[in-house]
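The values are calculated or read from the model by the stated rules, or taken from the named source; none is laboratory data. Computed from a prediction, not measured in an experiment: that's the story for all the values here. For neighbour counting, all protein chains shown are included, and Cβ atoms are generated from backbone atoms with ideal geometry for every residue, glycine included.
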Amino acid sequence: MGNLGATELLIIGVVIVLLFGSKKLPEMARSLGRSAKILKAESSGLRHDETPDGSDTPEISRLQQQVDDLQQQLKAAQQTSKPTS
């Protein structure tokens, strides 16, 4: 099912030429290439955004500090509420 032979590729090529015309094909190929390049760059950028590299934004640093403060407050509250036996 996934194997395309030379005959099938030739038929697909002829259909594309008939649909779009031979003058428009180079322009469409360039446009497709540009789109693929942009898509690749954007997906690479997203991949880099998802992996922490140590350069946190100020907002992330602020939120992390708030989380740390809340954790300290919870630990302090747990220690003061422990019954002494």
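Pairs meeting the criteria (first residue in the stretch 11-32 and touching a residue at least 60 places away in the same chain (Cβ under 8 Å) and charged (D, E, K, R), second residue surrounded by 10 or more Cβ atoms within 10 Å (Cβ to Cβ) and not in a helix (DSSP H, G or I), beta carbons under 8 Å, at least 6 apart or on different chains) are lacking. The set of residues in the stretch 44-76 being under 24 Å from the mean Cα position of the chain (by Cα) and modelled with pLDDT of 85 or more consists of 63, 64.
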